[in-house]
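J.: My structure is below; once you've seen it, I'll send some questions.
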Amino acid sequence: MTAFTIDFEPVGLRGKCRRNESLLACARRLGVGISSICGGQGTCHSCKVQILSGTVSKPTSNEPEVFTSQELKEGWRLACQTYPTSDCKLTVPPESMTTPQRVQVEGLEITVHPEPPVQAYRLQLAAPSLSAPRADADRLLQALNQQHQLHCGKVDINALRILSDQLRSWNWECQAVVRNDEVIALLPRPSHQLGLAIDLGTTKIAGYLVDLSNGRTLAAKGVMNPQISYGEDIISRITGVIQLPDEGVPVQKLAVEAINELSADLCAELGANTEEIVEAVVAGNTAMHHLFLGLPVRQLALSPFVPAVSRALDVKAGDLGLRIAPGAYVYLLPNIAGFVGADHVAMLLATEVLQAEGPIVALDIGTNTEVSLVNKEEVATVSCASGPAFEGGHIKNGMRAATGAIERLRIADDSIQYQTIGEAPPVGICGSGILDALSQLYLARIIDEGGRIVENHPRVHTYKGQREFVLVSKEERDGQPAITITQQDIRELQLAKAAIRTGIQVLLEANGCSEDEIKQVIIAGAFGTYIDVANAVAIGMLPSLPLNRFRQAGNAAGMGAKLALISLSKRAEAQAVASRVKYIELASAPNFEQTFIQAIYLGRYRIIDGRREEID
Amino acid sequence: MAGDLVSTLADLKEKEALGIVQDRLSAGDDPLSILDDARRALEIVGKRFADSEYFIPDLVYSGEILKGITDMVKPKLAKAAEVKRLGKVVMGTVAGDIHDIGKDIVVFMLDVSGYEVYDLGVDVPAQKFVEKIKESGAPIVGLSGFLALAFDSMKETVEAIKAAGLRDKVKVMIGGGQMSEEIRKYTGADAYGKDAMAGVTLAQKWVGAK
């Protein structure tokens, strides 16, 4: 019996299911984060999935307790109790996902005509003899010319080092992988031609293994960026690095090693070899880009924040220590400015804003939030220091999006309803929950428009001279310390959301646009994907527009890296965008300070000439 | 009566505060005592800010109310009785750093506390500090910086002041971001302030000591 192919949506991940492997076990092996609290016993009911096509084993005795007969008919099953009996396509609903995976890889899939920078050519060489003792590499180049009318003049030195052995062990039959006029690797026949797209984030690294012949994503996985031990946010990372005696060398290696492991894991899922990866693309913010290449970062953190290089680069993977095909290149998407990097370019590429009728606002929310306004073929970008609050940093009970984090929150009268990641007992609050809390407290008039906690609610207490709102009390946590939102937390959140709103406002003013003209607001990035947009609007973090004008785009940077991986035209587009973008330094924009101060207020309003105009 | 203005202004009740000032001026009250009450109210605002009770917009608003009050009081002030300034302070965010919000808050607090502040803005080269100290004769210098990289600029600025022969004529305070005694030593400054109120307290100490 051959293994069945399982297609997990909406992450868009496909993989083989092994014999006697449940859907849950298969998902785990492939890195699809399906939540399972009971460990696959069929008792916790957290691994609900819906089978869209294909056949699976019959429902076990647990499942009719969980699903109605109608739901069972519609294909709803527990992943841990279900074994495929054919190729299957299934949907993993958000509530069944564990956050770490979903924030790292998920994004909207865009199809593009594959136009990869590398091509593989099948070759059959004549074995050399005493009468025809032509050198191996020359023989190869000649065969390329004769069999494929290709004039290649170069063979990569690392490819050259193993070429003679390869040709002999494959009996003079091979595929030559060619990039421009250079042979970068030899592969046996048959083999994959894989591409690796990397979204190199400050916190996380997402990797995608792509079939270069058709552009399909074959596997995806996310891991933490191990450089985090040198500093969590960009500025502290840079500061941590420049204080090292050999500036950045170990830090560069950390990122490379993480990517090496990631690509090995991704290849293992497909039963492929990392040497079959013949091209890689890396998109990261300017600091991650520089640290990955071993470029100096000191000048990035100091005014006027100048990158060492902005234009797109082709670098030999071997020079960076990446273990993929011997002569393969890593393509680095172009940067825009010191605080607006290739990841933002990738996001603009993936969201296709450049082809759309403007004005469109596209933002990627993180410790630094980059915002672009696209209008009449012009692109203007700012970077806002939104700080770590929305990633749980500087917040008393804040945490990253992991099991037990409160990710959704409602306040209705005196009761609080919340949802935690993995439906586990609450241990803290993550970005989307923090945003909900701010908005719900404001809407319930527990904090005023200035952000002050008002003493009018039984859950408001004073602790160590500071007011706080109790989300989960000590009693509700069986004696463990209460989870609260403090006055200081609210101040941090106000600064964070004001920075973002100010960025949007400055762009609108610089382009003479009014808020109402915005046709679409695209929110990318892990945090942006899971926020409740209505709550973000209610506190004035985002402009007060009809909700149907907002679009949450997932990991658009990763999607953009994938597009650049498979399409040379997309690379040209990226370079064109990056050189066309007008970068605006937020702090030096007119009205910056007045706008920022107004944007600290909560509520729905327009900002006109640094003044606030409330919207009912 | 006097308590009214202090608490009303501290609670940021603009209309009521201006009303009280109007009443007191009509009643022939001493304009200087009105300004003194306003200053005490702003001190409370500063404390509430330090306790997170008030926030940046509240500070700005209190400044606007104060301006309204001084506009009303000024015409009544005898020419000779110009508002007495406690001392001069040169302030700026050091070279390489462009964070201004923290620095602006300190400038504001010093201003409402009665100091004449020369705000040099952000990304200020060391030499500009030196020139302003010479020109103004200010005995206090405040160096602001958020980035850890700003510590080097602070050190360079203190050294430039020294090289210009001004080091024993001024007291230097640093603030912003993660300040500590270690950083103060590294930069060669005289003191560090953990928040805006600490900056005001330092200035008071130094001016009083003169």
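Read-outs: derived from the displayed coordinates by stated rules, not from any lab. Predicted model only: the values in this text are computed from it and were never measured. In this analysis, Cβ positions are derived from the backbone assuming ideal geometry, glycine residues included, and neighbour counts consider all displayed protein chains.
J.: If you consider only alpha-carbon coordinates, what radius of gyration and Dmax does the stretch A:118-187 have, in Å?
T.: 10.9, 34
J.: Could you give the Stokes-Einstein D for the stretch A:103-234 in µm² per second, using the C-alpha Kirkwood radius, 37 °C, 0.692 mPa s? Can you show the working numbers first?
T.: On the way: Rh = 17.3 Å.
Approximately 190 µm²/s, per Stokes-Einstein.
J.: If you take each beta carbon of peptide A:69-79 and count the beta carbons of other chains within 10 angstrom, what is the mean? Mind dumping the intermediate values first?
T.: Numbers: counts 0, 0, 0, 0, 0, 0, 0, 0, 0, 0, 0.
The mean count of partner-chain Cβ atoms within 10 Å per residue comes to 0.
J.: I've got another one for you. Roughly how many Å is it from the Cα centre of the stretch B:20-51 to that of the stretch A:36-93, as a whole number?
T.: With the stretch B:20-51 and the stretch A:36-93 each reduced to a Cα centre, they are spaced 71 Å.
J.: Run through every distinct alpha carbon pair of the stretch B:2-80 and return the Kirkwood hydrodynamic radius in angstroms, one decimal place. Don't jump to the answer; show the numbers that get you there.
T.: Working: mean 1/r = 0.0798 Å⁻¹.
Mean inverse Cα-Cα distance, inverted, gives 12.5 Å.
J.: Return the percentage of antiparallel bridges among DSSP beta bridges fully within the stretch A:403-451, rounded to the nearest 5 %.
T.: On the way: 6 of 8 bridges.
If we restrict to bridges inside the stretch A:403-451, about 75 percent are antiparallel.
J.: Quote the Stokes-Einstein diffusion coefficient, in whole µm² s⁻¹, for the stretch A:254-349, based on the Kirkwood radius over alpha carbon pairs, a temperature of 20 °C and a viscosity of 1.002 mPa s.
T.: Details: Rh = 14.0 Å.
Roughly 153 µm²/s, to the nearest whole number.
J.: 222 nm [θ] for chain A, helices only, -39500 (n - 2.57) per DSSP H run of 4+, per residue, to 500?
T.: Working: 19 runs with 186 residues, N = 616.
Helix contribution divided over all residues of chain A: -9000 deg cm²/dmol.
J.: Suppose every K and R has +1 on its Cβ and every D and E has -1 on its Cβ; what is the size of the dipole of the stretch B:24-175 about the Cα centre, in Debye to the nearest 20?
T.: Numbers: 21 positive and 24 negative charges, 118 e Å.
My answer is approximately 560 debye.
J.: Right, next: Using the Kirkwood formula on the Cα atoms of the stretch B:87-209, what hydrodynamic radius do you get, in angstrom to one decimal?
T.: On the way: mean 1/r = 0.0733 Å⁻¹.
After inverting the pairwise mean of 1/r, the radius is 13.6 Å.
J.: Please give the contour-minus-distance gain from A:Asp246 to A:Asn20: 0.36 nm per residue of separation, less the Cα-Cα distance, rounded to one decimal in nm. Can you show the working numbers first?
T.: Values: separation 226, 0.36 × 226 = 81.36 nm, distance 5.11 nm.
That works out to 76.2 nm of additional length.
J.: When 1/r is averaged over all different Cα pairs and the result inverted, which Kirkwood radius in Å belongs to the protein assembly as shown?
T.: Details: mean 1/r = 0.0335 Å⁻¹.
About 29.8 Å, per the Kirkwood formula over Cα pairs.
J.: Rg(Cα) of the stretch A:397-489 divided by 2.2 N^0.38 Å?
T.: Values: Rg = 12.3 Å, N = 93, 2.2 N^0.38 = 12.3 Å.
Against the empirical 2.2 N^0.38 Å value, I get 1.00 for the stretch A:397-489.
J.: While we're here: In percent, what relative contact order does the stretch B:140-210 have, based on Cα pairs under 8 Å that are 6 or more apart in sequence?
T.: Working: 89 pairs, mean separation 24.2, N = 71.
Reported relative contact order: 34 percent.
J.: For the pair A:His461/A:Ser169, report the inter-label distance in nm, with labels modelled 7 Å from Cα in the Cβ direction.
T.: It works out to 6.7 nm between the two label points.
J.: Can you tell me the alpha carbon radius of gyration of chain B divided by the globular rule-of-thumb value 2.2 N^0.38 Å? Walk me through the numbers before you get to the answer.
T.: Values: Rg = 18.2 Å, N = 210, 2.2 N^0.38 = 16.8 Å.
In units of the globular-protein estimate, chain B measures up at 1.09.
J.: Any idea what the relative contact order of the stretch A:118-187 is, in percent, if you count C-alpha pairs under 8 Å spaced at least 6 apart? Walk me through the numbers on the way to the answer.
T.: Values: 95 pairs, mean separation 29.5, N = 70.
Answer for the stretch A:118-187 is 42 percent.
J.: Then there's this: For the pair A:Lys474 and A:Asp516, how long in nm is the line joining their label points, each one 7 Å along Cα→Cβ?
T.: Those two pseudo-labels are separated by 5.3 nm.
J.: May I pose another question? Which residues make up the longest stretch of chain A clear of trypsin sites (Lys or Arg not before Pro) that lie in a DSSP loop with no more than 10 other Cβ atoms within 10 Å, not counting the sites? Each step should come with its number before you reach the end.
T.: On the way: sites that count: A:Arg19, A:Lys376, A:Lys464.
Excluding the exposed sites themselves, the longest stretch runs over A:20-375.
J.: Mind giving me the nanometre distance, one decimal, between the label points for B:Glu116 and B:Arg39, set 7 Å out from Cα along Cα→Cβ?
T.: Output for this residue pair reads 1.5 nm.
J.: Within 10 Å of each Cβ in peptide B:55-66, how many partner chain Cβ atoms are there on average? Round it to a whole number, please.
T.: Working: counts 11, 10, 12, 4, 1, 5, 2, 0, 0, 0, 0, 0.
Mean inter-chain Cβ contacts per residue within 10 Å come to 4.
J.: Between the stretch A:502-571 and the stretch A:137-161, what is the separation of their alpha carbon centroids in Å?
T.: Cα centres, the stretch A:502-571 to the stretch A:137-161: 47 Å.
J.: Looking at chain A, what % of its DSSP beta bridges pair antiparallel, to the nearest 5? Present the calculation step by step, with values, prior to reporting the outcome.
T.: Numbers: 77 of 108 bridges.
Bridges in chain A are about 70 percent antiparallel.
J.: Over the stretch A:194-342, what per residue volume does the convex hull of the Cα atoms give, in whole Å³? Let's see the in-between values first.
T.: On the way: hull volume 13.9 nm³, N = 149.
Dividing the Cα hull volume of the stretch A:194-342 by its residues yields 93 Å³.
J.: Shifting gears a bit: Any idea what Rg and Dmax come out to for the stretch A:480-614 if you just take the C-alpha atoms, in Å?
T.: Looking at the stretch A:480-614, its Cα Rg and Dmax stand at 17.4, 56 Å.
J.: For the stretch A:4-97, I need the span (max minus min coordinate) of the C-alpha atoms along each principal axis, in Å, sorted largest to smallest.
T.: Principal-axis extents of the stretch A:4-97 (Cα, largest first): 30, 25, 24 Å.
J.: Let me ask something additional. Among A:Leu209, A:Ala126, A:Ala176, whose Cα lies farthest out toward the positive end of the dipole of the stretch A:123-277, if unit charges sit on the beta carbon of Lys, Arg (+1) and Asp, Glu (-1)?
T.: So the residue we want is A:Ala126.
J.: Please report, in debye to the nearest 20, how large the charge dipole of chain A is about its Cα centre when each Lys and Arg carries +1 at its beta carbon and each Asp and Glu carries -1 there. Each step should come with its number before you reach the end.
T.: Values: 56 positive and 68 negative charges, 194 e Å.
So the magnitude is around 940 debye.
J.: Between the stretch A:353-368 and the stretch A:432-447, what is the separation of their alpha carbon centroids in Å?
T.: Distance between centres, Cα-based: 26 Å.
J.: Tilt of helix A:157-169 relative to the longest C-alpha principal axis of chain A, in degrees (0 to 90, nearest 10)?
T.: With both axes taken from Cα atoms, the answer is about 60 degrees.
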